1. Restricting attention to helices (runs of 4 or more DSSP H) lying wholly within region 86-188, give those where 3 or more residues are free of Cβ contacts under 8 Å to residues at least 12 places away in the same chain and outside the structural domain of Glu21 (by TED's automatic domain parsing).
2. So which residues in region 118-140 are over 24 Å from Gly175 (Cα atoms) and of a type in the set (Gly, Ala, Ser)?
3. Please go through region 287-316 and give me each residue that is of a type in the set (Gly, Ala, Ser), closer than 18 Å to Gln373 by Cα and surrounded by fewer than 23 Cβ atoms within 10 Å (Cβ to Cβ), ordered by number.
4. Here is a check on your reading of the model: is Ala121 surrounded by 21 or more Cβ atoms within 10 Å (Cβ to Cβ) and either at pLDDT 95 or above or within 17 Å of Phe345 (Cα to Cα) (or both)?
5. Six or more apart or on different chains, Cβ atoms under 7 Å: show the pairs whose first residue is in region 253-265 and outside the structural domain of Ser282 (by TED's automatic domain parsing) and over 12 Å from Ala199 (Cβ atoms) and whose second is part of a helix (DSSP H, G or I) and of a type in the set (A, V, I, L, M, F, W, C).
6. Specify which of the listed residues (Asp386, Asp380, Asp366, Asp370) is at pLDDT 95 or above and in contact with a Leu (Cβ under 6 Å, 6 or more places away or on another chain).
7. For Arg200, all conditions in the list (1) in contact with a Ser or Thr (Cβ under 6 Å, 6 or more places away or on another chain); (2) among the basic types (Lys, Arg); (3) in contact (Cβ under 8 Å) with a residue 60 or more places away in the chain hold save one; what is the number of the exception?
Amino acid sequence: MIDNRPSLVFADKKGNIFDFEPLAMVGRSGDYIVPIEDCDVIPAPRGSHFYVLPDRYPIGMDRQTGQIIELKENPFDPSSPAFAVAIFLAAPYTQTYLAAWEPCDYAQELPLFAYTALGWASGFVTTAIRTDPSARQDIDTFNMHKVKKGVEIWKGMFPENRLVTHLAHCALVYGCPAAINLFQAREEGPLPTSPMCNARCIGCISYQPKGHPPAPQKRIEFIPGPEEIAEVALTHIAHVKAPVVSFGQGCEGEPLLAGDVIEEAIYMIRKKTDKGTINLNSNASLPHVVGSLADAGLDSLRISMNSVRPSTYKAYFQPSYDFDALYESVYEMKKRDKFVSINLFVFPGVTDAPKEANTLKAFIKDTGIDMIQWRNLNIDPDVYLDTLAQRFPSGIGIKRLISEIDVRCGYFNPYLSKL
């Protein structure tokens, strides 16, 4: 008998969420269903969101027999269906198992969020670990009254600055944590720049083709001038204790395609101050541009990757550039003694598959990168696995993988002290 594990949760047709003690919670690792132990879960973090998944039956484990069960009917109202539930984790929590479900034949593609396992054990619990101690995006740090006031102040200071207008929309309409922090004079300030991209990521969160769930935010439609960028960056740096400003945001394409503008903006910033960390979030596709930006004063590069294996990477990113460009961009930064991190899209069952884990460790050794940011991949899991079209054996576990990586572990772009 299984009596010491969290319970399955499900939703009714009205969206009410219930726990169901007879079935124990399970998770998903790639195509595998995994029993969840008490040691695998933490209380659901504040600031997370619960999602009811239409046309998907929850899956649990019978506590008496150990059998995997699809819960097709609401056990408290057998005339109604039961729906699977997942949690979208607050930053900076990294998922260790996906939510488990069985889709109906007519189930539609899910929107671009990360679907982590959710259960009940004297409260909602989930399969995740906190990978960064920073409170940069903790919900308790967001004061929307202060944000609205900050937007007014910024617009008053820079009435003609299109980037300020764009970021105000991001903060007030999309609730973008980075934009919210900008107008609160906290932590990392965003500098979206490029409406163009040279990859066609399956899970792009700023552009989706027709026939797919819409992107959660609209991509910037203009390239800010270097003066506009410098105004935002310098103001943020002047008012924040440990300031970071970053090109390459969720509301844009690939910033390296606007490299000439960014280079001029960085020169303007560094002409005025040597304070603050200037970071670039990028696909690292243009090494010569990376080198030029580093010479101009770029401090750190974060490379977005779902994998360091070319076949897995290309299936998701659908790049127009060669995979070796990523290596070359790392080398451009490291030979100038700059900081490099990977923005690794975590997908349990793929990221921790032995062939992926071993190649990641080799990449770290070969390149000398400084950090991995363990970010959850926002995509329908079934779509992702279909896209990769590979067979992945059972993973070693996300927790174990993180523990075996010997570079800095985190979730956010760090402030780099120049002392």
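The values are calculated or read from the model by the stated rules, or taken from the named source; none is laboratory data. Only a predicted model underlies this, so the values are computations on that prediction, with no experimental measurement involved. Glycine also receives a Cβ, built like all others from the backbone with ideal geometry; neighbour counts cover every protein chain displayed.
1. Numbers: elements: 144-157, 162-169, 177-183.
Result: 144-157.
2. Correct list: Gly119, Ala121, Ser122, Gly123.
3. Start the filter on region 287-316 by keeping residues that are of a type in the set (Gly, Ala, Ser), which leaves 291-292, 294, 296-297, 300, 304, 307, 311, 315.
From what is left, the residues that are closer than 18 Å to Gln373 by Cα are 300, 304, 307.
Within region 287-316, Ser304 is the sole residue that qualifies.
4. Values: surrounded by 21 or more Cβ atoms within 10 Å (Cβ to Cβ): no; either at pLDDT 95 or above or within 17 Å of Phe345 (Cα to Cα) (or both): yes.
No: the conditions fail for Ala121.
5. Going by the 7 Å Cβ cut-off, there are no qualifying pairs.
6. Working: Asp386 fails: in contact with a Leu (Cβ under 6 Å, 6 or more places away or on another chain); Asp366 fails: in contact with a Leu (Cβ under 6 Å, 6 or more places away or on another chain); Asp370 fails: in contact with a Leu (Cβ under 6 Å, 6 or more places away or on another chain).
Being at pLDDT 95 or above and in contact with a Leu (Cβ under 6 Å, 6 or more places away or on another chain) holds for just one of Asp386, Asp380, Asp366, Asp370, which is Asp380.
7. Of (1) in contact with a Ser or Thr (Cβ under 6 Å, 6 or more places away or on another chain); (2) among the basic types (Lys, Arg); (3) in contact (Cβ under 8 Å) with a residue 60 or more places away in the chain, only one is false for Arg200: (1).
Listed here are the residues, each with its yes/no results for (1) within 23 Å of Lys338 (Cα to Cα); (2) among the hydroxyl-bearing types (Ser, Thr, Tyr).
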site: Arg219; (1), (2): no, no
site: Pro224; (1), (2): no, no
site: Glu227; (1), (2): no, no
site: Ser246; (1), (2): yes, yes
site: Ala258; (1), (2): yes, no
site: Glu264; (1), (2): yes, no
site: Leu280; (1), (2): yes, no
